[in-house]
Amino acid sequence: MKKLYLDEDVPEAIAVALRLRGCDVLTVKEAERKGFSDVEQLNYAFSIGRILLTHNIADFCKIHTTFMRNGEPHHGIILSKQLPIGLRSCFKSPCNGHFERGEQECQSSALTAKAELSHSSLANF
């Protein structure tokens, strides 16, 4: 099972929805790391063995490229466009292994997954 670390720009509701789908999730708030830089968040995610999930596509594409150029490791970055969350909508779980490589916006080898919203995924949300 993939262990995720949710960046502070990811709503708490996403963490709840992912947990309901069986994902192991830790948020920046829960880790008491609000306000740390993006690089510090990625390094922290690596230190605790987690993949970082963020809506900050532009910055993390650059950070990933810098990490790869410098030979710095990380466990992965899931880049997701930030979409509004409606009453009966929820994240399709990235824990199920539906990852993609090389999303056009990133123009690098960053590990990405499209976080799509589904209107029927979570009836009680």
### Query
Want the number for GLU30 to GLN82: 0.36 nm per residue separation, take away the alpha-carbon distance, what's left?
16.6 nm
### Message
5 Å is the cut-off here: which amide hydrogens, built 1.01 Å from N in the peptide plane, fall below it relative to ILE51, excluding neighbours closer than 5 in sequence?
### Response
LYS3, LEU4, TYR5
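All of the numbers you see were taken from the coordinates with simple rules; none came from a lab. Every value quoted in this text rests on a predicted model; they were computed, and no experiment measured them.
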